[in-house]
Every structure is written in structure tokens, then in C-alpha cells.
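Notes follow the structure.
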Amino acid sequence: MKDEALLKRIVLNPKIMAGKPVIKGTRLTVDFILNLLAHGSTEDDIIREYKGVGSDDIKACILFAM
């Protein structure tokens, strides 16, 4: 998936999580996902734990942070 398409998976809405960037359709913030990764969670761990989050969502969070 191209970078532009990945970034469309991240949304900012002042009514959701105080405007923090979140994965579209969830209340999971980019910084939450990055924190999970930083503390040793794998992509598979996150996908298993948080229904509706896929590999592209995690890639989008990493790309957004760059």
C-alpha cells in the first residue's frame, strides 16, 4: 500500500480522543500503538488484542510518526 493510502487510515477529529491522531474507526491513538511497539509488543500481538486493527493500520501509525 502506498504511503498516501496508509496515511488516510489515520484521522484527527477534535471530538475523538481530544483531537489526537487515531486509527480510523477506532479510539486507538497513534501514540498508544507506538508505545505498545516500543515496549515489546509485536504487530501480531496488537492485531490479536485489538479487534479491527490490521497490519496496514500499524504501518500507518509508524509512517505518521516519521
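General remarks:
- Residues (without any contact (Cβ under 8 Å) to a residue 40 or more places away in the chain and more than 9 Å from the chain's Cα centre (by Cα)) located in region 55-66: SER55, ALA65, MET66
- Options ILE46, ILE16, ILE23: the member that is free of Cβ contacts under 8 Å to residues at least 24 places away in the same chain, at negative phi and touching a strand residue (DSSP E or B) at 6+ places or on another chain (Cβ under 7 Å): ILE16
- Filtered by the rule that a residue be within 18 Å of LEU63 (Cβ to Cβ) and either of a type in the set (S, T, N, Q) or surrounded by fewer than 18 Cβ atoms within 10 Å (Cβ to Cβ) (or both), region 7-20 gives LEU7, LYS8, VAL11, LEU12, LYS20.
- The residue of region 28-55 that is farthest from MET17 (Cα to Cα), among those that are surrounded by 14 or more Cβ atoms within 10 Å (Cβ to Cβ) and of a type in the set (Asp, Glu), is GLU43.
- Residue in region 6-29 that is part of a helix (DSSP H, G or I) and among the polar types (S, T, N, Q) present: no
All of the numbers you see were taken from the coordinates with simple rules; none came from a lab. If you're wondering where the values come from, they're calculated on a predicted model, not measured in any experiment. Ideal geometry is used to build each Cβ from the backbone, glycine not excepted, and the neighbour counts take in all protein chains shown.
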